[in-house]
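Participant: This is the structure, below, for whatever I ask next.
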Amino acid sequence: MGLLIFIIIWYALVGKNSPKFYRFFHSGVKGIFSVFRGCGTIFGVMILVTLLSSSTTFIGAGFVIGFILLILSHINKNKDKKKIYNTAEKNINADDYKLPESVKKRVKIIKDFDSKYELNLTEDQISRIAEASYYSPSWKKEVFDMNKSYHVANEWITTDNSWLRAYLHAFTVMQISSDFEMQKQIVEDTVKEILMNIRPRDFLTVDACIDAINRKYFTLLDEPKFMCLIRFMEKRGYTVVLPNGAKKMQIEDVDLKNLEKLYDEMDAADKYYVRNDEKDKKDKKDDKGMTPGF
């Protein structure tokens, strides 16, 4: 009984703020309830009665152990936090972005944002982002910004880390990494594959290119999100030639004029050769009754 009380107290004060224990605890609770449902209500009631009727001599020991572990947990937590924030993304000050310490509350922030703006994140991806927000300042900032209100999704997308937000909003199937640099590589590889199969330069307009990508890859790109991803690829060292309808039409017009000029020159040459052939035939006809000069 004391152990049970200790677990409850420890979870309420410490465990709920630990991403790994949060996942373990909730999967365990779901497993226990599934067993109860499978075995029936009577079996579950019998277990609870057994626990409650057991000896209470360990209650005091449970409180003492819980208090000691609570102090040690807070000491280690402060050390780990200082170490993480000193070695992670140095250009971001994680202390500027205040979030609830509870994993459950961070998960709720992401879930609510996902539902409102239709990001199509899976449960595993939401948990991964929530966990990463404890040791990655960049992901912490993302969760912090998800806790704000926006008039439209593109207001959120076109601010910080627009490449990531465009990816999260436009792609119905995506990969999420807790490592922010790895996440950049994932987005780069995804966009690179698309641009290798559908080249923007082959289209008259950006909208026509976006429409072709959406139809082939089932994405939800629009002009702002598309341009965010293009600028991201340019910063990664790629050269992307965007559609330029006016320039393309001008080039085609020039090519047509050159082609007409070429046809005129060929027609003039044909007429010249026809005239010379007729002249040669006439000269040969005039030479037929004459005697050689030697």
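Participant: Given 0.36 nm per residue, what is the gain on full extension from THR158 to TYR238 after removing their alpha carbon distance, in nm?
Facilitator: The span from THR158 to TYR238 would gain 26.8 nm if fully extended.
Participant: Could you tell me the accessible area of LYS116 in Å² (1.4 Å probe, neighbours in place), rounded to the nearest ten?
Facilitator: Its accessible surface works out to 120 Å², give or take rounding.
Participant: Continuing with the same structure: Suppose we look only past 13 Å in the calculated P(r) of the stretch 102-159. What percent of the Cα-Cα pairs does that tail hold?
Facilitator: 58 percent
Participant: What figure in square angstrom, to the nearest 10, would you give for the accessible area of ASP179 with a 1.4 Å probe?
Facilitator: About 80 Å², rounded to the nearest 10.
Participant: Note down the accessible area of LYS140, probe 1.4 Å, to the nearest 10 Å².
Facilitator: Around 20 Å² of this residue is reachable by solvent.
Participant: Could you sort VAL143, VAL206 by accessible area so the largest value comes first, with the probe set to 1.4 Å?
Facilitator: Correct descending sequence by accessible area is VAL206, VAL143.
Participant: How high is the FRET efficiency between THR205 and LYS104 when r is their beta carbon distance and R₀ equals 41 Å, given to the nearest 0.05?
Facilitator: It comes to 0.30.
Participant: For ASP112, project a label point 7 Å along Cα to C-beta. Then give me every residue of the stretch 122-156 with its amide nitrogen under 14 Å of that point.
Facilitator: So the set is 143-150.
Participant: Given LYS105/LYS216; LYS98/LYS192; LYS98/LYS184; LYS105/LYS192; LYS105/LYS235, which pairs have Cα atoms separated by over 32 Å?
Facilitator: LYS105/LYS216; LYS98/LYS192; LYS105/LYS192; LYS105/LYS235
The values are calculated or read from the model by the stated rules, or taken from the named source; none is laboratory data. These numbers were taken from a predicted model, which means no experiment stands behind them. Don't worry about glycine lacking a Cβ; one is built from the backbone with ideal geometry, like all the others, and counts go over all protein chains shown. Only protein heavy atoms, including side chains, enter the accessible area calculation; ligands, DNA and RNA are left aside. Shrake-Rupley method; radii C 1.70, N 1.55, O 1.52, S 1.80 Å.
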